[in-house]
Amino acid sequence: MTETFTLHDLAALIAQRAQATADQSYTKSLLVSGTGRIAKKFGEEAVEAVVAAVQKDRNALKLEAADVLYHLLVLLQDGGVSLQDVIDELAWRTRQSGHQEKASRTS
């Protein structure tokens, strides 16, 4: 059995690699390229995950989901939003049903 690896671990690794140079780190090269490129990569990976899901390709879905999570965390790093901020938002939302939460939104 392998050691547990969490999204918090991945977020910390991304923050660490954000301090490297772009030639040393793919993460840093993404961050240097700007929000537009990071968002584009996230979107591409999300579409690939959707395609894998529709095709019922479990292995491809697993691989693409990992890419989606990674690129989302890079996008959050770029935007100055922590993973904990997102988890706190999810915790707040789950205190009520999804229908109630959606109806309570003002925007």
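Read the figures in this text as sums done on the coordinates, not as results from a lab. In this text, all values refer to a predicted model and were calculated from it rather than measured experimentally. Using ideal geometry, Cβ is built from the backbone for each residue, glycine included, and neighbour counts are taken over all protein chains shown.
Test Glu45 against the stated conditions and say whether it is in contact with an Asp or Glu (Cβ under 8 Å, 6 or more places away or on another chain) and of a type outside the set (A, V, I, L, M, F, W, C). Here the answer is yes, as Glu45 does meet what is asked.
Of the listed requirements (1) free of Cβ contacts under 8 Å to residues at least 24 places away in the same chain; (2) surrounded by 13 or more Cβ atoms within 10 Å (Cβ to Cβ), Ala15 misses just one: (1). Condition check: over 13 Å from the mean Cα position of the chain (by Cα) and among the small types (Gly, Ala, Ser). Does Ser104 satisfy that? For Ser104, the condition - over 13 Å from the mean Cα position of the chain (by Cα) and among the small types (Gly, Ala, Ser) - is met. In the range 33-60, the residues that are over 11 Å from Leu72 (Cα atoms) and in contact (Cβ under 8 Å) with a residue 40 or more places away in the chain form Cβ pairs under 8 Å with partners that are part of a helix (DSSP H, G or I) and among the aliphatic types (A, V, I, L, M), at six or more places apart or across chains, as follows: Thr35/Leu75.
Matching residues to (1) surrounded by 14 or more Cβ atoms within 10 Å (Cβ to Cβ); (2) more than 16 Å from the chain's Cα centre (by Cα):
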| site | (1), (2) |
| --- | --- |
| Thr4 | no, yes |
| Thr21 | no, yes |
| Leu31 | yes, no |
| Leu61 | yes, no |
| Leu76 | yes, no |
| Gly79 | no, no |
| His99 | no, yes |
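For the range 34-52, the set of residues classified as under 12 Å from His71 (Cβ atoms) and surrounded by 14 or more Cβ atoms within 10 Å (Cβ to Cβ) consists of Arg37, Ile38, Ala39, Lys41, Phe42, Glu44, Glu45, Ala46, Glu48, Ala49, listed by residue number. Is it the case that the range 81-90 has a residue that's within 14 Å of Leu7 (Cβ to Cβ), loosely packed, with under 10 Cβ neighbours inside 10 Å and out of contact with any Lys or Arg (no Cβ under 7 Å at 6 or more places or on another chain)? Looking through the range 81-90, at least one residue is within 14 Å of Leu7 (Cβ to Cβ), loosely packed, with under 10 Cβ neighbours inside 10 Å and out of contact with any Lys or Arg (no Cβ under 7 Å at 6 or more places or on another chain).
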